[in-house]
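Here the structure is laid out as structure tokens; the discussion comes afterwards.
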Amino acid sequence: MKINKRYTVLLLILLTLMGCTAQTPAQNSDSIAPSPPAGSESGAVVTHVRERGLIFSIAQDYIDKGVTLETASENAKGYKNIGIFYYSPTSIALLKEINSMDSTALTQELVMEYLDKIGSSIRCLMEVVMVETTQYENLKAGGAKPEDFTSFTPAEVLGTNDGYTYILSIPDLDDGALNDAETADYHACKEYMQSVRDSLTFIPVESGNEMPSFTTKDINGIEVDSSIFSEKKLTVVNVWGTFCGPCIEEMPELADWAREMGDDVQLIGIVGDINGENDTQHIELAQTITQKATVEFTNLIPNDDFSTFMSNIIGFPTTFFVDQTGAIVGEPIVGANVKGCKEFVENYFAGQ
């Protein structure tokens, strides 16, 4: 299920409150499997999540009930994860309502009202967390338990793969505000997670994704292409939205940081809710926001060249770090966290 960019920020806050960010199931195995699980049920959808080193197999019947494998991210404890959620018909209807609203109508009160409603009609079915094995063993020696790494209980160690220890939780949640029919589907989906768990297969973990090759314009009409990354050793890419309160609040701090950056690093923005060069309403709003914050760094309009990249954004703001070749380095930072971004940049150059 694709979530419109206009309300991904709502889901980001929602999933943070729920303690689990969009994810998927896993298999109890300590070995790397090069192909999808043997014996996968007929009609299953097999998904390779390469950045998490996992293959998921989920029966179409359960997908039709509302089982959704979400985008790989980090949980509230800061560990890489992926999760499976039950999206009830009520939650989908609420999301469509948000999508139909004008972004200027999304007041804080209305956002909180929808968060409460959506949060009680979406249930996390499974969370899989990956921790570097050396780190896990050190923390385990200090008394850490599997549930100290996941957002839910109970939790168990799934296995090891490619330098990571995997921890899985199939949470025991209440029924929230689900109606009778949704409750029945939710419990059926939760029971099915044991089958998903048994079918989980490890593959090598892939990292170092690249920014797309693009030619676009910034919000002031100046043409920019992907060669912009070659100009500096490191580029901080801040994806934000004109509807996003935390994005707007951190903009003056980003503007100050951009002016203080050394010669080897630069900051650029991507205004995620601008729908092409003809979307004058959002372009003008972005201009107003950046002018008020005294922003001098480039802010790009995402055109079709960014379609795949933007489809993987789970919330605004999200900040990426891109090297001189256009490769994404490290993990993106989801949420307003200028301090964390500065620390990443400092550590990046300290390690060179």
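Of these, ILE274, ILE270, ILE289, which one is under 27 Å from THR71 (Cβ atoms) and in a helix (DSSP H, G or I)?
ILE289
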Quick one: is TYR166 surrounded by 15 or more Cβ atoms within 10 Å (Cβ to Cβ), in a helix (DSSP H, G or I) and among the aromatic types (Phe, Trp, Tyr)?
-> no
Which pairs do you get when a residue that is on the phi > 0 side of the Ramachandran plot, found in segment 61-82, comes within reach of a residue that is of a type in the set (S, T, N, Q), reach meaning Cβ atoms under 9 angstrom, with the pair 6+ apart or on two chains?
-> GLY66/SER88; GLY66/SER91
Could you tell me whether any residue of segment 258-273 is in contact with a Lys or Arg (Cβ under 7 Å, 6 or more places away or on another chain), within 19 Å of PHE320 (Cβ to Cβ) and among the small types (Gly, Ala, Ser)?
-> yes
Within segment 328-352, the count of residues that are within 25 Å of ASN81 (Cβ to Cβ), among the small types (Gly, Ala, Ser) and in a helix (DSSP H, G or I) comes to 1
Filter result for the condition that a residue is outside the structural domain of VAL46 (by TED's automatic domain parsing), touching a Lys or Arg at 6+ places or on another chain (Cβ under 6 Å), more than 16 Å from PHE321 (Cβ to Cβ) and surrounded by fewer than 18 Cβ atoms within 10 Å (Cβ to Cβ), over GLU223, GLU253, GLU249, GLU284 | GLU223
So, in segment 218-236, of the ones that are out of contact with any helix residue (DSSP H, G or I) (no Cβ under 7 Å at 6 or more places or on another chain) and assigned to a strand (DSSP E or B), which residue ends up nearest to THR280 (Cα to Cα)?
-> ASP218
Are any of the residues in segment 95-106 of a type outside the set (A, V, I, L, M, F, W, C), crowded, with 20+ Cβ neighbours inside 10 Å, in the same structural domain as TYR186 (by TED's automatic domain parsing) and closer than 30 Å to ASP180 by Cβ?
-> no
Looking at (1) part of a loop (DSSP other than H, G, I, E, B); (2) within 23 Å of GLY221 (Cα to Cα); (3) of a type outside the set (Gly, Ala, Ser), can you tell me which one THR325 breaks?
-> (2)
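The values are calculated or read from the model by the stated rules, or taken from the named source; none is laboratory data. Nothing here was measured: the structure is a model prediction, and the numbers come from that model. Glycine gets a Cβ as well: all are built from the backbone with ideal geometry, and neighbour counts include every protein chain shown.
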